[in-house]
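Reviewing the structure listed below.
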Amino acid sequence: MIGTEIEAAVRRVLEGGHYIMGEDVAALETELAADHKHPHAIAVSSGTDALLAALWALGIGPGDEVITTAMSFFATAGAAARLGATPVFADIDPSTFNLDQGSAISRITPRTKAIIPVHLFGRVADMDRLRETGIPIIEDAAQAVGSSGLGTGGKLVTLSFFPSKNLGAAGDAGMVLTSDPELADRVRLYRTHGSRPKYVHHVVGANLRMDTLQAAILRVKRRHLATWNEQRRSNAATYRELLAATPLMLPADAAGHVWHHFVVRAPKRDELRAYLREREIETEVYYPLPLHLQPCFPGAKEGDLPEAERASRDVLALPVHPDLTPAQLQYVAESVTSFYR
Ligand SMILES: Cc1ncc(COP(=O)(O)O)c(C=O)c1O
């Protein structure tokens, strides 16, 4: 059914001959702004570019420091580094995998210009203490699209529509949400090489525009997002029940959690992963090397952020996507149980 709707949307765009931005992009912005209860949504070319545009809009550049979590996809820190700022890594709260607020606050200096908490795996990060610092917050919500909890801490919220995300395009796409009209205006300016009107450039931005095709496809899929996220929640609840007696440490539910991944902490993680692979169960490790230890960010050493490092050694994501059948969930749970027996 959704295949037919998507085919019709794709055909409509191809026949319309308008391939970049346009009505579908504007409509998607309106729809996702309303869904996330934000007055402004600016469609961009990826989640990475959403972060870039958000940082640009805040005026972040060389000499500035941006505090973020050591446990995230590379783009969270890479965007700050690409603008010449220094990513400063803080440790995680081991019970949620999200940025530990105390660790982040202890790293604030006069050069700190932004803090980027990540709503990792779909769970909204605690931001109350970060907000009290008054330092601008960018919420990296690449993994939490559709959550009801976005924007409680941040001036800007960034989304990704990478194909495997909760709302996935057929390629790259992303979005920035904000309640601040001036920041929204700056994001829009940076999205098109800083030009306004055409061929008059006020700032050096980039081409961060969204393809019309992606917007048209996302508009179809968006109508199913709430149902899919509900299914993810239900799958996570089933796992918590079925896996309760295993040695796994299970992720807790939380308000606004959209379960992008179901990440457990597993004794003998690599052996378990190999065992599950033999049984044709796909798992993934998010992330095997914390950001502060990445070769492109020299200076840190092992032991600096012990919780993030410990997590990188024992986390494992079990399949939680909305298409899983009850029998498949049961099979995963039985397989994990039999591994530890
Ligand atoms: C936490 C996080 N931030 C940023 C990104 C970057 O998004 P994209 O792949 O759309 O550039 C991703 C996704 O891959 C992500 O998971």
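Quickly run through region 160-189 and pick out the residues that are away from the ligand (no atom under 11 Å from the Cβ), of a type outside the set (K, R) and either on the phi > 0 side of the Ramachandran plot or not in a loop (DSSP other than H, G, I, E, B) (or both).
V176, L177, T178, P181, E182, L183, A184, D185, V187, L189
What about L276, is it in contact with a helix residue (DSSP H, G or I) (Cβ under 8 Å, 6 or more places away or on another chain) and closer than 30 Å to A9 by Cβ?
Spelling it out, it is not the case that L276 is in contact with a helix residue (DSSP H, G or I) (Cβ under 8 Å, 6 or more places away or on another chain) and closer than 30 Å to A9 by Cβ.
Kindly establish whether V157 is modelled with pLDDT of 95 or more, within 13 Å of the ligand (Cβ to nearest atom) and among the β-branched types (V, I, T).
Yes: the conditions hold for V157.
Taking only region 60-95 into account, find how many residues are within 14 Å of the ligand (Cβ to nearest atom) and of a type outside the set (F, W, Y).
Of the residues in that region, 16 qualify.
Hey, could you check region 96-115 for residues that are surrounded by fewer than 19 Cβ atoms within 10 Å (Cβ to Cβ) and not β-branched (V, I, T) and say which is farthest from the ligand (Cβ to nearest atom)?
By that ranking, first place goes to P110.
Return the pairs, sorted by first residue and then second, in which the second residue is part of a helix (DSSP H, G or I) and not hydrophobic (A, V, I, L, M, F, W, C), the first residue lies in region 116-129 and is farther than 13 Å from T158 by Cβ and more than 11 Å from the ligand (Cβ to nearest atom), the beta carbons are less than 8 Å apart, and the residues are 6+ apart or on different chains.
Correct list of pairs: D126/Q101; M127/Q101; D128/Q101; R129/Q101; R129/G102.
For the subset of region 26-59 comprising residues that are of a type in the set (A, V, I, L, M, F, W, C) and more than 16 Å from the ligand (Cβ to nearest atom), which member is surrounded by the most Cβ atoms within 10 Å (Cβ to Cβ)? Give the derivation first.
Applying the first criterion (of a type in the set (A, V, I, L, M, F, W, C)) to region 26-59 yields 26-28, 32-34, 41-44, 50-58.
The next check asks that each one be more than 16 Å from the ligand (Cβ to nearest atom); those that pass are 26-27, 33-34, 57-58.
Values: A26: 13, A27: 14, A33: 19, A34: 11, A57: 28, L58: 21.
Going through the qualifying residues, I end up with A57.
Suppose we filter A170, A81, A125, A144 for residues that are more than 17 Å from L52 (Cβ to Cβ), among the aliphatic types (A, V, I, L, M), at pLDDT 95 or above and surrounded by fewer than 19 Cβ atoms within 10 Å (Cβ to Cβ); which single one remains?
A170
Which residue, of A327, A252, is among the hydrophobic types (A, V, I, L, M, F, W, C), more than 30 Å from G84 (Cβ to Cβ), surrounded by fewer than 19 Cβ atoms within 10 Å (Cβ to Cβ) and without any contact (Cβ under 8 Å) to a residue 40 or more places away in the chain?
A327
Go through region 275-303 and report how many residues are under 16 Å from E334 (Cα atoms) and within 16 Å of the ligand (Cβ to nearest atom).
The number of residues fulfilling the criteria is 0.
Filter region 294-314 down to the residues that are closer than 11 Å to M71 by Cβ and either in contact with a strand residue (DSSP E or B) (Cβ under 9 Å, 6 or more places away or on another chain) or at pLDDT below 95 (or both) and list them by number.
Correct list: L305, E307, A308, R310, A311.
Filter region 227-239 down to the residues that are surrounded by 15 or more Cβ atoms within 10 Å (Cβ to Cβ) and not hydroxyl-bearing (S, T, Y) and list them by number.
W228, N229, Q231, R232, R233, N235, A236
Every residue, every condition in (1) under 25 Å from V124 (Cα atoms); (2) charged (D, E, K, R); (3) touching a Gly at 6+ places or on another chain (Cβ under 8 Å); (4) in contact (Cβ under 8 Å) with a residue 60 or more places away in the chain, yes or no:
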| site | (1), (2), (3), (4) |
| --- | --- |
| G168 | yes, no, no, no |
| R186 | no, yes, no, yes |
| D211 | no, yes, yes, yes |
| A245 | no, no, no, yes |
| W259 | yes, no, yes, yes |
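Return the residue satisfying two criteria in turn: it lies in region 252-274 and is closer than 22 Å to R310 by Cα and within 16 Å of the ligand (Cβ to nearest atom), and of such residues it is nearest to the chain's Cα centre (by Cα).
Within region 252-274, the match that is nearest to the chain's Cα centre (by Cα) is H260.
The values are calculated or read from the model by the stated rules, or taken from the named source; none is laboratory data. Here the structure is a predicted model, which means the values were calculated and not measured. Note: ideal-geometry Cβ built from the backbone for every residue, glycine included; neighbour counts use all protein chains shown.
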